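A quick write-up on the structure given underneath.
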Amino acid sequence: MMSVGRKVIFYVLLIISAVLVAGPAVMAIVMSFMTNQDILTASMPTTLSFDNYVAAFERFPLFNFLLNSFIVSVVIMLGQLALSSLAAYAFVFLEFKGRDVLFYLFIATMMVPFEASIIPNFHIIRDLGWIDSYAGLTIPFFATTFGTFLLRQNFKQIPKELREASHIAGIGDFKFYLTVVLPMSRTSLVTLGVYGFLTSWNMYLWPLLATTNDTVRTVQIGLKQLQTQEQLNDWGVIMAGAVIVIIPTLILLFLGQKKLQTGLTEGAVK
Amino acid sequence: MSTVSPIIEKKEDFAAQINRVKKQKRMTGLLKGILFLLPSIILFGVFVFYPLFRTMYLSFFLTDAKGATTVFVGLENYVYMFSDPIFLKSIKNTFLFVIYTVPATVIISLFLAVISNEKLKGIGLFRTIFTSTMGISVAAASVFWLYLFNPTMGLLNQILEVFGAESIGWLTNPKWAMIAIAITTIWMNIGFTFLILLGGLQSIDTSLYESAEIEGSGYFYKLRRITVPMLSPTLFFVITVSIINSFQTFGQIDILTQGGPANETNLIVYSIYREAFVNYQFGSASAQAIVLFILILLMTALQFKLGERRVHYQ
C-alpha cells in the first residue's frame, strides 16, 4: 500500500500534468462557445452559445468536408484491412518460393518515407486523372507494411493444424482465410481499423496536394481554409471548426485506447 | 525375373507421379502466395518503389512546370542544392528541430507514463487525458497553438503580461519561431509516445519490483535499476519513431509560419514542398527529396547500430 503522503504527491503531479496537457484543447472547446467580444477582450466567458458552430456550418461547406473525410477514412481503413490481412495470411500460412524475398520487400517500403516520393506520386495521380477524386485520396494508402506485420503477429498464434484439418475437409485457403482466420483475429483487425481511420482522418500533406477544389476536400484542409480566411477576427468560429474536426478521432481514441496500446508495438518487426 | 520387372516399373511410375504432384503443389503454392500478396505488391510498386526511382531519375534533370523532363543536367541539381543557403539552412533547421523535439517529447512522456503507472483511483482518466493529443490532427493542433502564440490576444503573452514580462513575438521573432513550432510538436506527439511507453511499463514483470521492495530499495533506485533498463527496448522504439517523425514534419509549419520568419522554420519537407509545388522546380525538389530519403535511411541504420548495444532485450 502506498502511504498517504506519496499518494498526495502523485495526485498533485497527475493533476498539474493533466491541466497542462489538456489545456490547449479545453481552451479551444471553451472558446468555441464564447462570443467574439469576450474573446477579444480576453475576459472570462459571460455567455455561452452555439452561434460559432452555426456560423462555421453556414459560412463553410463544413458538412461536405466532414462527409469527404469520413468517406476517405472509411475507404482507406477497409482497403488497409483487406490488403494487409491477405498479405499477412500469405506470410504466415502459405509456403512458396520467394516468400522471404517478398518479406524483405515489404520491410524495404518502411525505409521510403512518403514525403520523399511525393513528387512522382502527385504526377501519377494527376496522369490517372485522380486529382479531386476519392480514388486519388485513398488508393495510394491501401498497402501498409505496418498493418501486414501487425496482423502477421496475430495470425501466427492460430494453430497450423487448423488449416490442415480444413484442407482435409476440402476447405480451400481463401475460404479458410475468410471463415476462420479473419473471425479469430477480430481484435487486431479492430486495432488496425481504428489506427487506419485515425491516421487517414488526420492526413494533411497529401489531401492538400490532391485536392484543388471543395468537391472531395477533407476537413483538415477545410480547417486550414477556415483559419486563413477568418484569421484576424473570428477565433470563436475557427475554434468551433477545430473542435468539430477532433471530435470523431477523440471518441475513437477513447474507445480503442487499450487496443492501440498493445497493437502499435506489435506492428514493429519482430 | 519376369514377375519383378512390372513392380519396378510401377515403382518408377509412382515416383514420377509423386514428383509431378509435388511440382504441381509447388506451382499452386506459388500461385496462391502471389495472388494473396498481389494487391499489396502492385500498390507498393506503383506508389512506393516506382516513385522512389522516379525521384532519383528526376533529380538529374530540369523539368517544365508539368514535371516532364527537359534537360539532363547530371549532378548539377545536387551541386546547386548544396551551395544554396536556403536549402542548407533547412537541413540545419531540421537537425535542430530533432534536437529540440525528440528528447523533450520522450522525457515528458516517460515522466507521464511513470506517474500514471501507479495503482491509484481515477488513474484511467489521467491516462485518457495524456493519450488525447494523439487524436488531435496536426491542423487542429496548429490552430490551437496559433491562438496561444497570438502576439496580442494569445494566452501565452497574456500570462507573460501578468508576470510583468515583455510579450514575445512567438511566430514572428526569428529567435522564437522554431521554439514555438517545437512546443506545438512536442505537445502533439506526447499522446502517442505516452501510450507506447505506458504499454512498455505495464509489461514489466511485477515480481522484479516485489523482490526489490523486500530488499528495501527506494522509489528512485527502482526507477533507475529496474524501470529504465527493462523499458529500454520500448524507449529505443519510441526514439527512432520520434526522430523519423521529426524529419517528416510539415503541417504545423504550413499553418503556423510557412517556413518564416526569414526561413528560420523552413524544414526539409516544407522546402521540398515549396520547391516542387510553389516554384515548380521538380528536378531540384527531387534532389532534396533524395537527401530526405538518405537522412531517414541513415538515421534508422544509426539508431539500430547505436541502440542495440545499450538496449536490454529480454
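Worth a mention:
- Within region A:168-231, helices (runs of 4 or more DSSP H) holding 3 or more residues that are under 30 Å from residue A:91 (Cα atoms) and away from chain B (no Cβ under 11 Å): A:186-201
- Filtered residue count, region A:1-50, keeping only those that are modelled with pLDDT of 85 or more and not in a loop (DSSP other than H, G, I, E, B): 29
- Test result for residue B:280, more than 29 Å from residue A:262 (Cα to Cα), open to solvent by 30 Å² or more (accessible area, probe 1.4 Å) and within 9 Å of chain A (Cβ to nearest Cβ): no
- Single residue of A:57, A:10, A:63 found to be touching an Asp or Glu at 6+ places or on another chain (Cβ under 7 Å) and without any contact (Cβ under 8 Å) to a residue 12 or more places away in the chain: A:10
Here is a yes/no grid of residues against (1) over 27 Å from residue B:267 (Cβ atoms); (2) in contact (Cβ under 8 Å) with a residue 60 or more places away in the chain:
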{"residue": "B:48", "(1), (2)": "no, no"}
{"residue": "B:53", "(1), (2)": "no, no"}
{"residue": "B:56", "(1), (2)": "no, yes"}
{"residue": "B:65", "(1), (2)": "no, yes"}
{"residue": "B:68", "(1), (2)": "yes, no"}
{"residue": "B:71", "(1), (2)": "yes, no"}
{"residue": "B:80", "(1), (2)": "no, yes"}
{"residue": "B:87", "(1), (2)": "no, yes"}
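- Screening the candidates B:272, B:268, B:253 for the property of being open to solvent by less than 10 Å² (accessible area, probe 1.4 Å) and under 20 Å from residue A:222 (Cα atoms) yields one hit, B:253.
- Subset of region B:103-129 [surrounded by fewer than 24 Cβ atoms within 10 Å (Cβ to Cβ) and of a type in the set (Val, Ile, Thr)]: B:106, B:107, B:108, B:114, B:115, B:123, B:128, B:129
- Sole residue being at the interface with another protein chain (Cβ under 7 Å from one of its Cβ atoms), under 24 Å from residue A:205 (Cβ atoms) and open to solvent by less than 30 Å² (accessible area, probe 1.4 Å), chosen from B:142, B:132: B:132
- Residue within region A:60-69 that is open to solvent by 40 Å² or more (accessible area, probe 1.4 Å), farther than 20 Å from residue B:46 by Cα, within 10 Å of chain B (Cβ to nearest Cβ) and in a loop (DSSP other than H, G, I, E, B) present: no
- Filter result for the condition that a residue is farther than 27 Å from residue B:278 by Cβ, within 29 Å of the chain's Cα centre (by Cα), of a type outside the set (Ser, Thr, Tyr) and not assigned by TED's automatic domain parsing to the domain that holds residue B:281, over B:43, B:31, B:35, B:52: B:43
- Residue tally, condition buried (at least 16 other Cβ atoms within 10 Å of the Cβ), more than 11 Å from chain A (Cβ to nearest Cβ) and touching a residue at least 40 places away in the same chain (Cβ under 8 Å), over region B:150-185: 7
- Failed condition for residue B:219, given (1) touching a helix residue (DSSP H, G or I) at 6+ places or on another chain (Cβ under 9 Å); (2) in contact (Cβ under 8 Å) with a residue 60 or more places away in the chain: (2)
- Matching option when the condition is of a type outside the set (Ser, Thr, Tyr), at pLDDT 90 or above, under 21 Å from the mean Cα position of the chain (by Cα) and farther than 25 Å from residue A:224 by Cα, among B:293, B:192, B:237: B:293
- Yes/no for residue A:119 being more than 7 Å from every other protein chain (Cβ to nearest Cβ) and crowded, with 23+ Cβ neighbours inside 10 Å: no
- Region B:111-126 residues that are within 8 Å of chain A (Cβ to nearest Cβ), paired with ones that are open to solvent by 50 Å² or more (accessible area, probe 1.4 Å) and outside any loop (DSSP other than H, G, I, E, B) (beta carbon under 8 Å, 6 or more apart): B:115/A:13; B:120/A:7; B:120/A:11
The values are calculated or read from the model by the stated rules, or taken from the named source; none is laboratory data. Nothing here was measured: the structure is a model prediction, and the numbers come from that model. Here the Cβ is made from the backbone with ideal geometry for all residues, glycine too, and neighbour counts use every protein chain on show. SASA here: full protein model, heavy atoms, side chains in, ligands and nucleic acids out. Shrake-Rupley method; radii C 1.70, N 1.55, O 1.52, S 1.80 Å.
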